[in-house]
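Data block below; observations after.
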Amino acid sequence: MSKTRMITLILVLAMLCALAFSGCSKQEESTEPADTETEAEAETETKEETVIDYMVLVNQQSPLPDGWEEALDLTTITNSVGDEVQTESKAYEAYLALKEAVEKDLEGYEKGEVRLELDSAYRSVAAQQKIVDDFTEKYGEDYVKKYVAVPGYSEHHTGLALDLYFTIDGKDVYENEDLVQYPDIWDAVHARLPEFGFILRFPKDGEAVTGYAYEPWHIRYLDDPEIAKEITDKGLTLEEYLSE
């Protein structure tokens with residue numbers, strides 16, 4: 001073989017090798033972005049599935065949305081009477097800030113040292129049914145219709161509704177009939193609610209709209225102090241605010 005033909009053959013082989021290598025590189029580069037995009041989309045979908053709506057309306061006409069409990073992030077604590085209470089985690093952090101502020105406001109209270117406590121927050125449908133049964137036996141059907149939600153339609157299923165009680169000098173003031181005897185303490189609690197994103201869920205004169213009588217202990221977390229303040233300042237129920 002002549003020297004010229006040999007040089008030509010070597011150049012042709014070099015070009016073929018270069019093309020083959022280039023093709024492999026492009027194929028590898030084209031698959032990586034596709035995989036990355038798929039993973040990103042899957043992660044986004046997962047995050048969207050776990051987001052809850054802090055303005056959700058659950059009442060006598062509106063049941064708990066499907067999939068809510070699966071998306072709920074709960075914090076579990078034990079209160080002063082030894083009951084285990086579960087609360088949506090962000091709502092619980094806001095409650096702790098509210099508790100600290102209210103207890104500071106009530107320092108020097110004439111009847112003793114006041115400490116806020118959680119009576120209940122998140123309840124399963126089965127737990128709500130037990131409350132209906134217990135309260136019917138203890139207080140009667142008329143009381144239950146005013147104060148206790150039908151299972152599946154309780155705001156407590158959201159984990160965003162908190163029932164409070166308090167201790168005075170370490171003594172638990174726990175029963176509803178005892179709690180209503182301390183309007184001055186509830187005034188201090190209610191005054192602080194909006195700045196931490198809470199509203200009084202069942203206010204006075206709101207029964208015609210909410211379907212429930214006044215409950216000074218039942219507060220609701222909205223995750224938005226500005227909205228909570230607007231609702232409170234205007235004297236609205238959550239139903240009225242959402243309808244606007």
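The values are calculated or read from the model by the stated rules, or taken from the named source; none is laboratory data. Values in this document were obtained by computation on a predicted structure and should not be read as measured data. All Cβ positions, glycine included, derive from the backbone under ideal geometry; neighbour counts span all protein chains shown.
Taking the condition in contact (Cβ under 8 Å) with a residue 24 or more places away in the chain, buried (at least 17 other Cβ atoms within 10 Å of the Cβ) and in contact with an Asp or Glu (Cβ under 9 Å, 6 or more places away or on another chain), does Tyr153 pass?
Working: in contact (Cβ under 8 Å) with a residue 24 or more places away in the chain: yes; buried (at least 17 other Cβ atoms within 10 Å of the Cβ): yes; in contact with an Asp or Glu (Cβ under 9 Å, 6 or more places away or on another chain): no.
Judged against the criteria, Tyr153 is not a match.
Please find, among Gly235, Gly170, Gly152, the residue that is out of contact with any Gly (no Cβ under 7 Å at 6 or more places or on another chain), modelled with pLDDT under 95 and at positive phi. Even if it seems obvious, please write down each step before you answer.
Working: Gly235 fails: modelled with pLDDT under 95; Gly170 fails: modelled with pLDDT under 95.
None of the other options fit; the residue is Gly152.
Within the stretch 25-43, does at least one residue satisfy the condition of being at pLDDT 95 or above and surrounded by fewer than 12 Cβ atoms within 10 Å (Cβ to Cβ)?
Step one: filter the stretch 25-43 for residues at pLDDT 95 or above, giving none.
Within the stretch 25-43, none of the residues are at pLDDT 95 or above and surrounded by fewer than 12 Cβ atoms within 10 Å (Cβ to Cβ).
Residue by residue, here is whether (1) touching a residue at least 60 places away in the same chain (Cβ under 8 Å); (2) within 25 Å of Asn59 (Cα to Cα); (3) outside the structural domain of Asp163 (by TED's automatic domain parsing); (4) of a type outside the set (Lys, Arg) holds:
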residue	(1), (2), (3), (4)
Tyr92	no, yes, no, yes
Leu98	yes, yes, no, yes
Leu116	yes, no, no, yes
Asp119	yes, yes, no, yes
Tyr122	no, yes, no, yes
Ala126	no, yes, no, yes
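Just for the stretch 167-183: of the residues that are farther than 13 Å from Glu117 by Cβ and in contact with a Lys or Arg (Cβ under 9 Å, 6 or more places away or on another chain), which one is surrounded by the most Cβ atoms within 10 Å (Cβ to Cβ)?
Result: Tyr182.
Mind telling me which of the residues Leu160, Leu118, Leu164 ends up being surrounded by 14 or more Cβ atoms within 10 Å (Cβ to Cβ), closer than 25 Å to Gly67 by Cβ and not polar (S, T, N, Q)? If you could, list the steps in order and put the result at the bottom.
Values: Leu118 fails: closer than 25 Å to Gly67 by Cβ; Leu164 fails: closer than 25 Å to Gly67 by Cβ.
Just one listed residue meets the conditions, Leu160.
Does the stretch 81-89 contain any residue that is without any contact (Cβ under 8 Å) to a residue 24 or more places away in the chain, under 14 Å from the mean Cα position of the chain (by Cα) and under 19 Å from Ile219 (Cα atoms)?
Here is the first cut: in the stretch 81-89, the residues without any contact (Cβ under 8 Å) to a residue 24 or more places away in the chain are 82, 84, 89.
Next, only the ones that are under 14 Å from the mean Cα position of the chain (by Cα) stay: 89.
Narrowing the set further to residues that are under 19 Å from Ile219 (Cα atoms) leaves 89.
Yes, because at least one residue in the stretch 81-89 is without any contact (Cβ under 8 Å) to a residue 24 or more places away in the chain, under 14 Å from the mean Cα position of the chain (by Cα) and under 19 Å from Ile219 (Cα atoms).
From the list Glu93, Glu107, Glu100, Glu88, pick out the single residue that is under 21 Å from Phe196 (Cβ atoms) and buried (at least 17 other Cβ atoms within 10 Å of the Cβ).
Within the list Glu93, Glu107, Glu100, Glu88, the selection yields Glu88.
Quick one: in the stretch 71-85, of everything that is under 17 Å from Val173 (Cα atoms) and small (Gly, Ala, Ser), which residue is surrounded by the most Cβ atoms within 10 Å (Cβ to Cβ)?
Only one residue tops the list, namely Ser80.
Within the stretch 72-86, does at least one residue satisfy the condition of being of a type in the set (Val, Ile, Thr) and in a loop (DSSP other than H, G, I, E, B)? Write out each step before concluding.
In the first step, residues of the stretch 72-86 are kept if they are of a type in the set (Val, Ile, Thr); the result is 75-78, 81, 85.
From what's left, in a loop (DSSP other than H, G, I, E, B): 81.
Yes, there is a match, as at least one residue in the stretch 72-86 is of a type in the set (Val, Ile, Thr) and in a loop (DSSP other than H, G, I, E, B).
How many residues are surrounded by fewer than 14 Cβ atoms within 10 Å (Cβ to Cβ) and of a type in the set (A, V, I, L, M) if we restrict to the stretch 222-244? It would help to see each step written out before you state the result.
Our first condition is that a residue be surrounded by fewer than 14 Cβ atoms within 10 Å (Cβ to Cβ); within the stretch 222-244, this holds for 226, 233-235, 242-244.
Going one step further and asking which of them are of a type in the set (A, V, I, L, M), we end up with 242.
So the answer is 1.
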